[in-house]
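For reference, the structure is listed below as structure tokens.
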Amino acid sequence: MVMGPTHAMSGAAVGLAVAQILPGQWGGVDTAGGVIIYAGLTAGAALLPDLDSPQATVSRSFGPLTGAISRFTENTTQAIVNATRGRRDPRCNNGHRTFTHTLWSALAAGAGATALIGAYGRPAAIGLLFFLLGLGIRGLLPEWSGSTDWIIVTAVAAALACGAWYLVPAGSFEAVLGSAVTVGCLTHLLGDMATRAGIPLFAPLVPIGGRRWWKVKLPGGLGIRANGPADKVLLLLFTLAVIAQLGLVFADGPQMILPEVFSGATHRT
Ligand SMILES: [Zn+2]
């Protein structure tokens, strides 16, 4: 797999870019604060698919909670593969990189986030931000290995999410924030697709030659190795993209973060 930092950083870079090109009338991303929230959601969602592996660092984000979620997810996705596999698909003994690594689960995650925020509004957006920031921070700092590091991750994610309360855009923002979750998941899938193992992007809906869980991957030998040179180069490029875009987002000055607080400020156009 591509390493956690690359996933998190690519999610942030793509989120910053998408947030800035989304039309303002879709709601939500017409302030720098909205852009930051959007990118925070995509950065965390870019780790979300790997919650199907109890061994993944991201499964230690919230200690026992994400540990239990990942064991449940791995068992469930394994069952999904075995229930839907074609006659030539091998039996699945490990749910990692299966259902959560499909296009459909990326769309479902965004739809679920949209429904949740639509029903509960700002508190749901902040709760989701808290959870996904936890995954994102953990993804960026995989070398933390102590058994209590998750407490720090949880505290930092909670502080950031609470601090973001007033940054959540006003009005109907559920679809635009929900789209951030799908964008983050898709960024993860693109990263995994670039590795040698590939992912079952269209499974189980597109059968080919008796197989439903065939994998999409780069042609012959082009796949990159986790933590290899290509992974490091990608991490560097995405980091530079994040820094450059943050510069653009904040170029208009701090009043763009909280226009309703700074009097006389105008919205981003
Ligand atoms: Zn993955």
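A full extension of the chain between I151 and A170 corresponds to an added length of 3.7 nm, given 0.36 nm per residue minus the alpha carbon distance. Distance between the modelled labels on A111 and N82, one decimal in nanometres: 2.7 nm (7 Å Cα→Cβ projection).
The residue among S59, N94, L22 whose Cα reaches farthest toward the positive pole of the charge dipole of the stretch 18-97, with charges on the beta-carbon of Lys, Arg, Asp and Glu, is N94.
For F250 and R71, compute 0.36 nm times the residue count separating them, minus their Cα-Cα distance, and round to one decimal in nm.
Numbers: separation 179, 0.36 × 179 = 64.44 nm, distance 4.06 nm.
Extra length from F250 to R71 when fully extended: 60.4 nm.
The angle separating the long axis of helix 32-45 from the principal Cα axis of greatest extent in the chain is about 20 degrees. Between 0 and 90 degrees, the angle of helix 64-84 with respect to the longest Cα principal axis of the chain falls at about 50 degrees. Of the three principal axes defined by the Cα atoms of the stretch 1-127, the extents in descending order read 49, 29, 28 Å.
Over the chain, the fraction of Cα-Cα pairs per 5 Å bin, rounded to whole percents and listed from the shortest bin up, is 1, 7, 12, 17, 19, 16, 12, 8, 5, 2, 1, 0, 0, 0. I'd like the trypsin sites (Lys or Arg not before Pro) in the stretch 63-104 restricted to DSSP loop residues with at most 12 other Cβ atoms within 10 Å, sorted by number. Passing both the DSSP loop test and the Cβ count: R87, R91.
Computed over the stretch 59-218, relative contact order equals 33 percent, with contacts defined as Cα pairs under 8 Å that lie 6+ residues apart.
Please build a GNM for the chain, connecting alpha carbons under 10 Å apart, and tell me which residue among S147, S179, S61 fluctuates the most. Judging by the Gaussian network model, the answer is S147. Working note: Cα atoms of the stretch 173-223, range along each principal axis, descending, whole Å: 42, 25, 11. For the stretch 5-78, a Kirkwood hydrodynamic radius built from all Cα pairs, placed in the Stokes-Einstein relation at 4 °C and 1.567 mPa s, yields a translational diffusion coefficient of 97 µm²/s. For the stretch 147-198, the Kirkwood estimate of hydrodynamic radius, built from reciprocal distances between every pair of different alpha carbons, is 13.9 Å.
Laboratory data are not the source of any read-out in this text; all were calculated from the coordinates shown. Predicted model, so just to flag it, every value in this text is computed and none were measured. When we count neighbours, we look across all protein chains shown, and the Cβ atoms used for this are built from the backbone with ideal geometry, even at glycine.
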